[in-house]
Amino acid sequence: MNSSFQEKSLWLEFSATVIIFSYYLNQLLGFDNKQLADGSLIIGVLFEVVMYTVVLMIISSVILAIINHKDADKPLDEREQLIELKGSYYSNWVLKVGIVIAIGQYALESNEWAIGLHQNIPFLPLHILVVSFLLSELVSFFVQIWLSRKGV
Amino acid sequence: MAKLCISNNIRQLRFHNSEMTQQALADEVGVSRQTVIAIESAKYSPSLEVAFKMSAVFKVSLEEVFIYEP
């Protein structure tokens with residue numbers, strides 16, 4: 001089966017998210033404890049992640065629209081809408097679990113019940129939120145690509 | 001993926017309609033070619049609306065396009 005415009009966009013978005021995810025993790029793993037505790041540095045990394053996400057998505061959409069401008073304007077049909085909905089369903093679960101873990105971690109830290117994990121990784125709830133957001137995006141794209149190929 | 005219990009005769013009907021292409025059928029019905037491919041290979045069961053549109057394109061009854069096999 002030839003891949004549709006929708007599937008090509010999903011592959012591009014999936015690749016862009018993998019690049020951004022690895023950039024984020026690479027930055028964090030390269031920081032020492034002092035840098036991890038620096039709020040402005042962490043906000044700077046988050047800002048870069050958001051900026052790169054927007055720029056990569058725009059570039060990939062423009063490239064696809066130039067290559068296949070005929071299909072770029074077409075709305076999603078019923079099967080593609082169903083695939084998108086199923087992708088969102090699984091992606092939402094990943095995000096919900098991440099949010100619950102982040103809230104739990106924050107509650108532990110604020111009540112000083114944590115077992116010392118927050119002392120090693122400052123802003124841990126924030127990182128859990130960002131990672132779960134990026135993971136949920138990856139899950140959404142992966143499920144949509146899988147369903148496009150295997151059938152709904 | 002659970003096996004769908006609805007098969008179809010779309011391939012034969014396309015052949016008997018001047019060898020209509022999947023893209024031509026997709027344009028007539030208002031879906032993408034990938035959706036026609038998925039329906040034809042029984043990987044996706046279309047909505048009633050799309051099913052009726054397909055039977056209208058081939059000028060046959062719905063039962064001649066789709067077959068329910070419980």
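Nothing in this text is a laboratory measurement; each read-out follows from the coordinates by a stated rule. None of the values given here were measured: they were computed from a predicted structure. Here the Cβ positions follow ideal geometry from the backbone for every residue, glycine too, while neighbour counts run over all protein chains shown.
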A careful count of residues in region B:18-38 that are in contact with a helix residue (DSSP H, G or I) (Cβ under 7 Å, 6 or more places away or on another chain), among the aliphatic types (A, V, I, L, M), more than 7 Å from chain A (Cβ to nearest Cβ) and in a helix (DSSP H, G or I) gives 4
Residue set A:Glu84, A:Glu80, A:Glu109; condition in a helix (DSSP H, G or I) and buried (at least 19 other Cβ atoms within 10 Å of the Cβ); output residue A:Glu80
Looking across region A:132-152 at residues that are within 14 Å of chain B (Cβ to nearest Cβ) and touching a residue at least 40 places away in the same chain (Cβ under 8 Å), the single one that is surrounded by the fewest Cβ atoms within 10 Å (Cβ to Cβ) is A:Arg149
Boolean, A:Ala72 is among the small types (Gly, Ala, Ser), within 14 Å of another protein chain (Cβ to nearest Cβ) and more than 21 Å from the chain's Cα centre (by Cα): yes
The number of residues in region A:43-73 that are of a type outside the set (Gly, Ala, Ser) and more than 17 Å from A:Ile19 (Cα to Cα) is 11
A:Pro75: passes all of (1) within 30 Å of B:Ile39 (Cβ to Cβ); (2) crowded, with 17+ Cβ neighbours inside 10 Å but (2)
When region B:49-61 is checked residue by residue, the ones that are within 11 Å of the chain's Cα centre (by Cα) and not small (Gly, Ala, Ser) are B:Val50, B:Phe52, B:Lys53, B:Met54, B:Val57, B:Phe58
In the set B:Glu63, B:Glu69, the lone residue that is in contact with a strand residue (DSSP E or B) (Cβ under 7 Å, 6 or more places away or on another chain) and either buried (at least 17 other Cβ atoms within 10 Å of the Cβ) or more than 9 Å from chain A (Cβ to nearest Cβ) (or both) is B:Glu69
- Query: Would you call A:Tyr89 exposed (fewer than 13 other Cβ atoms within 10 Å of the Cβ), part of a helix (DSSP H, G or I), more than 14 Å from chain B (Cβ to nearest Cβ) and among the aromatic types (Phe, Trp, Tyr)?
  - Reply: yes
Going through region B:39-60 in order, the residues found to be part of a helix (DSSP H, G or I) and more than 10 Å from every other protein chain (Cβ to nearest Cβ) are B:Glu40, B:Leu48, B:Ala51, B:Phe52, B:Lys53, B:Met54, B:Ser55, B:Ala56, B:Val57, B:Phe58
Among A:Ile20, A:Ile43, A:Ile63, A:Ile103, the single one that is more than 14 Å from chain B (Cβ to nearest Cβ), touching a residue at least 40 places away in the same chain (Cβ under 8 Å) and over 30 Å from B:Ile37 (Cα atoms) is A:Ile20
